[in-house]
Amino acid sequence: MALMPKRVKHRKSQRGRIRGNATRGNTVVFGEFGLQAVEGGWLSAATIEAGRIAAQQYIRGEGKLYIRVFPHKSITSIPLETRMGKGKGEPDYWAATLKPGTVLYELAGVSEEAAKICFARLAHKMPVRVRMIKRT
């Protein structure tokens, strides 16, 4: 089941734009290794879940995976082959807004080689460029 908010003040949100680098959520806090976004963008709830499943299948219960992002933003879309007008579309999916430097996932209790392989699998699924970082 994909992540989504329990309730929101407004069903439809404006697109906005992503400016600057992440000042919060940009360091490894819970685990030893983290997967950090290098560029900004949106990360859908389905993509977050796909990354979670891929990481859980690889670590097989010997490490702990932390998900550091949550999809708060509703993304709307109008059905295909619809004429202009008739307002804004209905919410299609939920997404997390990523600034460059945001930590997406963290791993604890695994070796550095295992973390590197696990994050390489996750990087293929991500719509933005990512890199692995260590706890300081």
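Criterion first (at pLDDT 95 or above, out of contact with any strand residue (DSSP E or B) (no Cβ under 6 Å at 6 or more places or on another chain) and not in a loop (DSSP other than H, G, I, E, B)) does ILE18 satisfy it?
Values: at pLDDT 95 or above: yes; out of contact with any strand residue (DSSP E or B) (no Cβ under 6 Å at 6 or more places or on another chain): yes; not in a loop (DSSP other than H, G, I, E, B): no.
Spelling it out, it is not the case that ILE18 is at pLDDT 95 or above, out of contact with any strand residue (DSSP E or B) (no Cβ under 6 Å at 6 or more places or on another chain) and not in a loop (DSSP other than H, G, I, E, B).
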### Task
Identify, from the list THR136, THR102, THR76, the residue that is touching a Pro at 6+ places or on another chain (Cβ under 6 Å) and under 28 Å from THR23 (Cα atoms).
THR76
### Query
Restricting attention to segment 48-95, and to residues there that are loosely packed, with under 12 Cβ neighbours inside 10 Å and among the acidic types (Asp, Glu), which single residue is nearest to LEU107 (Cα to Cα)?
GLU62
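Taking the conditions exactly as written (under 26 Å from MET132 (Cβ atoms) and surrounded by fewer than 17 Cβ atoms within 10 Å (Cβ to Cβ)), does GLN14 satisfy them or not? Steps first, please.
Working: under 26 Å from MET132 (Cβ atoms): no; surrounded by fewer than 17 Cβ atoms within 10 Å (Cβ to Cβ): yes.
Taking the combined requirement at face value, the residue does not satisfy it.
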### Task
Return yes when LYS116 is under 19 Å from MET132 (Cα atoms), within 12 Å of the chain's Cα centre (by Cα) and not hydrophobic (A, V, I, L, M, F, W, C) and no when it is not.
no
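The values are calculated or read from the model by the stated rules, or taken from the named source; none is laboratory data. It should be emphasised that the depicted structure is a prediction, and the values quoted were computed from it without experimental measurement. Every residue, glycine among them, receives a Cβ derived from its backbone with ideal geometry; neighbour counts consider all protein chains shown.
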